[in-house]
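**Student:** Could you have a look at this structure, given as structure tokens, before my questions?
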Amino acid sequence: MALELAPAVRVNALIPGFTDTPEVVERYRLDGAEPRRCVLGQIPLGRIGTVTDVADALEFLVTDRSSYLTGRQLVVDGGTFMG
């Protein structure tokens with residue numbers, strides 16, 4: 001889509017990792033010490049993302065600050081899926 005719609009439209013994807021929401025906490029039982037420890041052990045930055053972390057990344061993508069980006073994936077996951 002990015003190739004087809006450029007330069008009129010920029011096409012990017014926002015890919016959040018673990019984000020501290022009620023659904024994620026319930027689904028992964030993150031209110032328990034052991035499940036939370038296991039998840040945090042997989043995140044190089046050592047914390048679960050916040051809704052604000054994701055919103056800040058989205059704000060970047062929809063403003064002119066990202067005007068030279070298209071066809072990209074912005075992964076907001078604290079470094080979990082580096083590579």
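Rule-based calculations on the coordinates, nothing more; no lab input. This is a predicted model, so every value here is computed, not measured. Note that we place each Cβ from the backbone using ideal geometry, even for glycine, and neighbour counts take in every protein chain shown.
**Student:** Report, in degrees rounded to the nearest 10, the 0 to 90 angle that the Cα long axis of helix 51-62 makes with the longest principal axis of the chain.
**Tutor:** That helix lies at roughly 10 degrees to the long axis.
**Student:** What do you get for chymotrypsin sites (Phe, Trp or Tyr not before Pro) in region 4-83 restricted to DSSP loop and a cutoff of at most 15 other Cβ within 10 Å of the site's Cβ?
**Tutor:** Numbers: sites: Phe18, Tyr28, Phe60, Tyr68, Phe81; in loops: Phe18, Tyr28, Tyr68, Phe81.
Here the chymotrypsin sites (Phe, Trp or Tyr not before Pro) that fit, given the DSSP loop and packing criteria, are Tyr28, Tyr68, Phe81.
**Student:** Explain nothing, just the number: dipole magnitude of the chain about its Cα centre with +1 on each Lys and Arg Cβ and -1 on each Asp and Glu Cβ, in debye rounded to the nearest 20.
**Tutor:** Around 200 debye, computed over the chain.
**Student:** Calculated from DSSP H runs of 4 or more alone, at -39500 (n - 2.57) each and per residue, what is the 222 nm mean residue ellipticity of the chain, nearest 500?
**Tutor:** Values: 4 runs with 30 residues, N = 83.
Counting only the DSSP helices, I get -9500 deg cm²/dmol.
**Student:** What does the extension gain come out to for Asn12 and Ala33, with contour length at 0.36 nm per residue minus their alpha carbon separation?
**Tutor:** 4.0 nm
**Student:** Show me the GluC sites (Glu not before Pro) within region 21-83 that DSSP assigns to loop and that have at most 16 other Cβ atoms within 10 Å of their Cβ. Don't skip to the answer; put the middle values down first.
**Tutor:** Values: sites: Glu23, Glu26, Glu59; in loops: none.
Passing sites in region 21-83 do not exist.
**Student:** Hey, with R₀ at 22 Å, roughly what FRET efficiency would Leu45 and Gln73 work out to, going by the Cβ-Cβ distance, to 0.05?
**Tutor:** Details: r = 18 Å, r/R0 = 0.84.
Plugging the Cβ-Cβ distance into 1/(1 + (r/R0)^6) gives 0.75.
**Student:** While we're on this one: Running a GNM on the chain with Cα contacts under 10 Å, which residue among Thr63, Thr19, Thr50 ends up with the highest mean-square fluctuation?
**Tutor:** Result for the chain, Cα springs under 10 Å: Thr63 fluctuates most.
**Student:** Using the reciprocal of the averaged 1/r over all distinct C-alpha pairs, how large is the Kirkwood radius of the chain in Å? Please list the in-between numbers first.
**Tutor:** Values: mean 1/r = 0.0702 Å⁻¹.
One decimal place: 14.3 Å for the Kirkwood radius.
**Student:** With Cβ to Cβ distances under 13 Å as the rule, what net charge do the other residues near Val76 carry (K, R +1; D, E -1)? Walk me through the intermediate numbers first.
**Tutor:** Numbers: positive: Arg47, Arg72; negative: Asp20, Asp53, Asp56, Glu59, Asp77.
Taking every other residue near Val76 into account, the sum is -3.
**Student:** Could you list Asp31, Asp77 so that the one with the fewest beta carbons within 10 Å of its beta carbon is first and the one with the most is last?
**Tutor:** Placing the least packed residue first, the sequence is Asp31, Asp77.
**Student:** Which trypsin sites (Lys or Arg not before Pro) from region 28-83 combine a DSSP loop assignment with at most 16 other Cβ atoms within 10 Å?
**Tutor:** Working: sites: Arg29, Arg36, Arg37, Arg47, Arg65, Arg72; in loops: Arg29, Arg47.
Filter output for region 28-83: Arg29, Arg47.
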